[in-house]
Every structure is written in C-alpha cells, then in structure tokens.
Amino acid sequence: MEVERKPLIVIGGATGVGKTELSLQLARAIGGEIISADSMAVYKYMDIGTAKPSPAERRAIRHYLIDVVEPNETFSIKQFIDLADGAVREIWERGKVPIVVGGTYMYIHPFLFGLAETPPGDWELRKKLYERAEREGKDKLWEELLKIDPQYAAKIHPNDLRRIVRALEVYTLTGKPYSSFHTNWENAKPRYPYLGVFLYRPWEEQYRRIRNRVWDMIRDGLLGEIKRLLDMGFKEAITSPQAIDYKEFIPYFEGRKNLLECIGDTIRHTKEQAKRQIRWFKRYNDWLKLDLSKISTPEAVKKIVEEYRKRFI
C-alpha cells in the first residue's frame, strides 16, 4: 500500500526564540513528529548546553536526530540529509506530519534544496591549509576568505576553521568563491513540498531571552555537564567553533578566566550566532513569518495550521 506523503513543516529561527515550545504544541495540534535540525543536538551527553527537549517532551512527541553520535565523532551535512530523509519516510509511514525544527540553516537549506555540487576534497591541500592555520593563526585564513569571498564569510563564524578551510580549498581548486556554488538557492526546486515558518522577536527581546537562557543553563547544571564531558575526554569536541555554550567555559576550568567573564563570552557569541540565523531565515520570502512578541504560542500554532491546510489540503 502506498504511503501517504504529507507535506513537511519547517520551523526556523534564532537560538532562544521559542522554537521548541511552539513545535511541541504544533505537533500535538496537527499530528506531527519532530526532526531536529540542530548541529549540536546530534551529540550525546550534551543536553543542557544544547537545550534539547526534555525526556518527558521526547516521550510525548517522537523526535529524530537527537543523540545520534558521540561528541568526538564528525557529523556532516550529508549525514544529516540522509538521516532526515529516513526520518521523513518513517513519519509518513505512521501517517504523521514531519516537522523539521532548528536554527542550523546549513542543515535546513541543503535538506530542502540539495547539496551544492562543489569539488571533492583535496586532502593534501586541506592538510596544508590547517598547517598554515597552526603556523600563521586562523585569523590570517579568515582575513583571506573575507577578501576572496565576503558573501560566504558573512555566513560563518571567524573561528569556524573547518568551514574557512573548505572555502579556501574550493577557491584554490576552482578559482571561484565558495559562495558561487550556492547562488541558485533562491531558484532551486524543493526536494519536498513544505511550509516554511520563520519565528522571530524584536532584537531587544531576543537579546534578553538569550541572556536569560544562558543564566538558566548555569542554574540547571551546565558547568557540571561540561566537567563530565572533560572527564570523559571530549575537550577537543567541546572547543569546536560550533559548540557555543561549551567552549566558552574551558578557560574557567583551566583557571584562565572567572565565571562571569565566561558567561559574558557565551552571551556575546550566542548573540552573534542569533544575528546570523536571523539574516539567513529572512531570505526565504515565501515563508510564513511570525513575530512571537505580538502573538502567543497557541495563536502562532493556529496560524501555522491554517496556512498548512490552505496550501496543502
């Protein structure tokens, strides 16, 4: 018997905007299951700093792509797409609606529109670029990327050495900016029929929620979680540029900074990340955009359900 292929719902927005609460209510309202699109929630043992849905929430609504790999394992965009595709099929088989939720646009966009056809990795060249970063400092590579590909540089963190190296590698191999391989994103045909929803708040309110979120994590035991990860030998994993809410506290455990300094660093880096997320999701002109400062979560859920039914039923 053919499986009923229900269109996806994709919920995007900045860290701390309120995606989790809304997605849980939406899943209950529409008969959905949730696929996490969070680049850090895939890692085991990293719960508080990634603000994963609680065990009770995950029992109530089935979630996918949470706790997939160990913190010291790599997890690629291609792996995300493959696992997310599998989750979509599984959700369809149960007659449910897949709801993709997260702020990691580098997962969400390729999942919706496919991976860009960039050249395969040149491991010898990549090794040389990493050696340059060790020798000259990663700031030097970042400045180089900023000159040759400011469009892509604006999307990533200056400390994200892995993506900086990949962009420089592609430019060296092809003579073309890495961003040029992604220029057709606005005209690309979606891999699935879907309703996109961008959640946002005025910046001052968003900033206040980020600040409160960091303090809540401290209260809920983030320092203990980081200490356990260090004791398990995962220091390298939690010092990666993507590990915001973790890497900032390493200097505290090493006695190089006090706790307030580390909290300030975390808030600042989370703000920077949120601004990048907001800039990206604003680009989707056909998405439903909801200001959560003006409507309650139940009202937002109602609007999403109405829009979904209007487009697809």
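Quick look at the numbers
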quantity	calculated
Filter pass, Asp149 being under 29 Å from Met46 (Cα atoms) and among the acidic types (Asp, Glu)	no
Count - residues of segment 63-80 that are buried (at least 18 other Cβ atoms within 10 Å of the Cβ) and in a strand (DSSP E or B)	2
Output for segment 232-257, where each listed residue is under 16 Å from the mean Cα position of the chain (by Cα) and outside any helix (DSSP H, G or I)	Ser240, Pro241, Gln242, Ala243, Ile244, Asp245, Tyr246
Filter result (within 11 Å of Ile48 (Cβ to Cβ) and surrounded by fewer than 16 Cβ atoms within 10 Å (Cβ to Cβ)) within segment 224-241	Gly224, Arg228
Of all residues making up segment 37-53, the number that are within 22 Å of Ile91 (Cα to Cα) and out of contact with any helix residue (DSSP H, G or I) (no Cβ under 9 Å at 6 or more places or on another chain)	1
Arg201, sole failed condition from (1) surrounded by 13 or more Cβ atoms within 10 Å (Cβ to Cβ); (2) at pLDDT below 95	(2)
Residue check for Lys271: touching a helix residue (DSSP H, G or I) at 6+ places or on another chain (Cβ under 8 Å) and either buried (at least 17 other Cβ atoms within 10 Å of the Cβ) or in a helix (DSSP H, G or I) (or both)	yes
Selected residue (criterion: surrounded by the most Cβ atoms within 10 Å (Cβ to Cβ)) from residues of segment 1-38 that are over 21 Å from Tyr194 (Cα atoms) and assigned by TED's automatic domain parsing to the domain that holds Lys275	Val17
Meets criteria (surrounded by 13 or more Cβ atoms within 10 Å (Cβ to Cβ) and touching a Ser or Thr at 6+ places or on another chain (Cβ under 6 Å)) for Ala300	no
Given (1) under 30 Å from Pro53 (Cα atoms); (2) in contact with a helix residue (DSSP H, G or I) (Cβ under 8 Å, 6 or more places away or on another chain), index of the condition Phe113 fails	(2)
Test result for Val68, modelled with pLDDT of 95 or more, under 20 Å from Gly196 (Cα atoms) and assigned by TED's automatic domain parsing to the domain that holds Arg283	no
Contacts under 6 angstrom Cβ, first residue in segment 193-221 being over 20 Å from Asp291 (Cα atoms), partner crowded, with 17+ Cβ neighbours inside 10 Å and not hydrophobic (A, V, I, L, M, F, W, C), 6 or more apart	Val214/Thr266
Positions within segment 157-170 being closer than 18 Å to Tyr105 by Cα and crowded, with 21+ Cβ neighbours inside 10 Å, in sequence order	Ile164, Ala167
Whichever residue in segment 81-108 is closer than 16 Å to Tyr308 by Cβ and assigned to a loop (DSSP other than H, G, I, E, B) and, among such residues, is farthest from the chain's Cα centre (by Cα)	Gly95
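The values are calculated or read from the model by the stated rules, or taken from the named source; none is laboratory data. Please read these numbers as outputs of a predicted model, since none were measured by experiment. Cβ: placed from backbone, ideal geometry, glycine included. Neighbour counts: every protein chain shown.
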